[in-house]
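The values are calculated or read from the model by the stated rules, or taken from the named source; none is laboratory data. Note that the coordinates shown come from a computational prediction; the quantities given were computed from them, not determined experimentally. Here the Cβ is made from the backbone with ideal geometry for all residues, glycine too, and neighbour counts use every protein chain on show. Protein only, heavy atoms only, side chains kept; ligands, DNA and RNA dropped before computing areas. Shrake-Rupley method; radii C 1.70, N 1.55, O 1.52, S 1.80 Å.
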Amino acid sequence: MVGPFGNAGLVVIVEDGRRVMRSPATPTLSVREVILRRAIAEPFNVVLHGPVPTLEAIYHGARVEAAPGRQWPVVEVVDRSDDPPGGGLLTERTKTAIRWTTAARERTFVLVGSRGYAPAFRCVACGDVRRCLTCRSAASRDDTCRRCGAGLDACANCNGAQFQPLGAGIGRIVDDLGQLVGDEVGRVGDEKLVTVGSERDLIGIRNIGLAVAVDVDGFTMAPHYRAAEDALRLLVRLAQTVQRGAGHRCLVQTSAPNQEVIEALVKGRSEPFLGRELTSRKEFGFPPAGSLIAIEADKAHDPESLLSEGLMAVATILGPVPVRDRIRWLIQGRDLERARLALRPILTTLRGRGARVRVDVDPIDL
Ligand SMILES: [Zn+2]
Ligand SMILES: [Zn+2]
């Protein structure tokens with residue numbers, strides 16, 4: 001994952017919070033973790049560089065140096081909270097901005113959510129994001145929570161029973177924009193004035209006249225505990241694609257303009273937001289202040305009784321969630337060292353019974 005450094009005295013990691021900086025497979029080690037371990041052994045100094053420090057770095061005592069004033073370019077919020085349900089994907093204000101930018105022969109980048117990640121859902125009637133009352137995660141359209149397996153009811157706010165996914169795919173936005181700017185819209189690589197893409201396309205985008213995030217809530221309220229922090233970092237990267245100069249803008253559309261991540265985005269500083277985020281992670285036992293362990297076993301070897309017997313006193317146990325032919329339990333707590341110790345004999349017992357058991361520490365998508 002990380003090559004030899006020779007006799008480096010200093011290693012700089014640029015934007016260690018990006019998703020690609022973490023291996024998705026077990027064990028889910030990040031580039032930062034690997035380099036920090038080697039920094040102790042070899043040794044050398046490490047600088048983490050980026051506009052939004054990661055909570056992991058702050059929690060583990062990194063010294064944060066930030067310039068005074070705004071840390072990224074100006075972001076304008078397009079408030080959709082009063083839009084009627086079922087409205088179009090782009091507001092009139094956003095469409096006007098795209099039309100003007102295109103008429104001026106300047107480039108627009110439109111950011112949509114990535115495929116492959118579980119989306120959040122909102123109530124069709126009142127627009128509230130559906131949440132699991134047991135584990136607080138944003139929930140899907142199903143009858144059970146994909147994270148903790150608890151049953152899901154109608155909308156907690158209005159009792160509505162219909163839900164729609166937040167955000168839209170690239171194809172749909174390209175079609176919509178075709179009606180606005182004709183042949184001037186395409187995907188990354190199409191060399192059009194208006195480009196629609198997702199997070200992975202941001203890397204090559206710069207000197208943009210107008211940047212648009214279609215549905216910020218799809219990022220900030222995604223169903224995993226790091227959603228808001230990841231969203232802030234992503235939207236700051238979007239704002240940074242905009243070229244300095246008059247008339248150049250970054251527009252973010254949201255139905256919840258009062259959420260803390262939007263406030264931070266507008267103010268241009270991340271510290272107050274990250275401080276509150278860390279407090280809430282501590283309170284609920286989420287990484288980096290706490291830890292998560294996911295355990296998957298064959299259906300025939302459900303470890304429920306073993307887990308509740310051995311771990312109930314030291315951690316919160318969430319589940320079961322069916323995952324194909326297996327079941328998954330999630331163990332969550334502020335100090336999982338004791339849980340890890342208690343887990344060892346349980347795993348030995350299960351494997352002794354012939355169970356195939358998979359253990360994932362701090363899974364990034366739960
Ligand atoms: Zn509702
Ligand atoms: Zn849940």
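For region 40-91, which positions are aliphatic (A, V, I, L, M), more than 30 Å from residue 209 (Cβ to Cβ) and assigned to a strand (DSSP E or B)? Correct list: 46, 47, 48. Pairs linking a residue in region 149-175 that is within 16 Å of ligand 1 (Cβ to nearest atom) to a residue that is open to solvent by 90 Å² or more (accessible area, probe 1.4 Å), with Cβ atoms under 8 Å and 6 or more positions apart or on different chains, are 152/143; 153/133; 156/131; 156/133; 163/141; 165/141. Among the residues making up region 268-322, those that are assigned to a loop (DSSP other than H, G, I, E, B), without any contact (Cβ under 8 Å) to a residue 40 or more places away in the chain and not charged (D, E, K, R) are 312, 313, 314, 315. Cβ-Cβ contacts under 9 Å between residues 6 or more apart (or on different chains), taken from a first residue in region 125-143 that is under 11 Å from residue 164 (Cα atoms) and away from ligand 1 (no atom under 14 Å from the Cβ) to a second residue that is of a type in the set (D, E, K, R) and in a loop (DSSP other than H, G, I, E, B), are listed as 140/130; 140/146. Candidates in region 124-164 are the residues that are at pLDDT 85 or above and touching a Phe, Trp or Tyr at 6+ places or on another chain (Cβ under 6 Å); of these, the one that is farthest from ligand 2 (Cβ to nearest atom) is 163. Please tell me if residue 354 is open to solvent by less than 70 Å² (accessible area, probe 1.4 Å), touching a Leu at 6+ places or on another chain (Cβ under 9 Å) and free of Cβ contacts under 8 Å to residues at least 60 places away in the same chain. Criteria not met by residue 354.
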